[in-house]
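Q: One structure follows; several queries about it will come next.
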Amino acid sequence: MFRIDELKKKLENGGLAIGTHVKWREASFSELFAMEGYDYIWIDGEHSTLTLDMVAAQVRAAQANGAAAFYRVPWNDPVLVKPVLEIGVDGVIFPFIRTAKEAAAAVAACKYPP
């Protein structure tokens, strides 16, 4: 089962999800939090200098140790979203979504054409 499915099931059953936010360059922080039982790790790409390779390492560290991995993109732009989706994140967090049109653009950025 994918980590995100486990997290959804926990929430649907009234459980409490515990997570944390990381922006450190070293993936061992995500690994440690996941090993300690955090349900999700929120990797910050908006307020950090993480490269795509560093994000991939964070995602692998979180997922390999039982936590879902979310990534906050720097901006609502498909060019920034597609590479992160290829890494295999469990979810994408978009900053500054204030309108239905911006929300629709964020969802569209996460979908590939048929």
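Q: How many residues, within the stretch 85-114, are of a type outside the set (Ser, Thr, Tyr) and part of a loop (DSSP other than H, G, I, E, B)?
A: Result for the stretch 85-114: 12.
Q: If I filter the stretch 47-58 for residues that are under 10 Å from the mean Cα position of the chain (by Cα), within 26 Å of Lys111 (Cα to Cα) and among the small types (Gly, Ala, Ser), do I get at least one hit?
A: No - not one qualifying residue is present in the stretch 47-58.
Q: Could you list, in sequence order, the residues of the stretch 1-17 that are out of contact with any strand residue (DSSP E or B) (no Cβ under 6 Å at 6 or more places or on another chain) and open to solvent by less than 80 Å² (accessible area, probe 1.4 Å)?
A: Result: Asp5, Glu6, Lys10, Gly14, Gly15, Ala17.
Q: Would you check if there is a residue in the stretch 65-74 being in contact (Cβ under 8 Å) with a residue 24 or more places away in the chain, assigned to a helix (DSSP H, G or I) and more than 9 Å from the chain's Cα centre (by Cα)?
A: Within the stretch 65-74 (the criterion being in contact (Cβ under 8 Å) with a residue 24 or more places away in the chain, assigned to a helix (DSSP H, G or I) and more than 9 Å from the chain's Cα centre (by Cα)), the answer is no, since none of the residues qualifies.
Q: For the stretch 2-10, check the following and say yes or no: at least one residue is modelled with pLDDT under 95, within 12 Å of the chain's Cα centre (by Cα) and in a helix (DSSP H, G or I). Can you show your working first?
A: Looking only at the stretch 2-10, we keep the residues that are modelled with pLDDT under 95, and these are 2-10.
Now narrow it down to the ones that are within 12 Å of the chain's Cα centre (by Cα): 3-4.
Now narrow it down to the ones that are in a helix (DSSP H, G or I): 3-4.
Looking through the stretch 2-10, at least one residue is modelled with pLDDT under 95, within 12 Å of the chain's Cα centre (by Cα) and in a helix (DSSP H, G or I).
Q: Determine whether Ala69 is open to solvent by less than 30 Å² (accessible area, probe 1.4 Å) and over 18 Å from Phe94 (Cβ atoms).
A: The answer is no for Ala69.
Q: Something else about it: Mind listing just one residue for me: the one in the stretch 89-109 that is closer than 12 Å to Pro78 by Cα and in contact with a Lys or Arg (Cβ under 9 Å, 6 or more places away or on another chain) and, of those, surrounded by the most Cβ atoms within 10 Å (Cβ to Cβ)?
A: Residue satisfying both the conditions and the ranking: Phe94.
Q: Can you name the residue in the stretch 18-47 that is small (Gly, Ala, Ser) and in a helix (DSSP H, G or I) and, of all such residues, is surrounded by the most Cβ atoms within 10 Å (Cβ to Cβ)?
A: Filtering first and then ranking leaves Ser30.
The values are calculated or read from the model by the stated rules, or taken from the named source; none is laboratory data. Since this is a predicted model, take the numbers as computed values, not measurements. Note: ideal-geometry Cβ built from the backbone for every residue, glycine included; neighbour counts use all protein chains shown. Ligands, DNA and RNA are stripped out before the accessible areas are found, and what is left, the full protein with its side chains, is counted by its heavy atoms. Shrake-Rupley method; radii C 1.70, N 1.55, O 1.52, S 1.80 Å.
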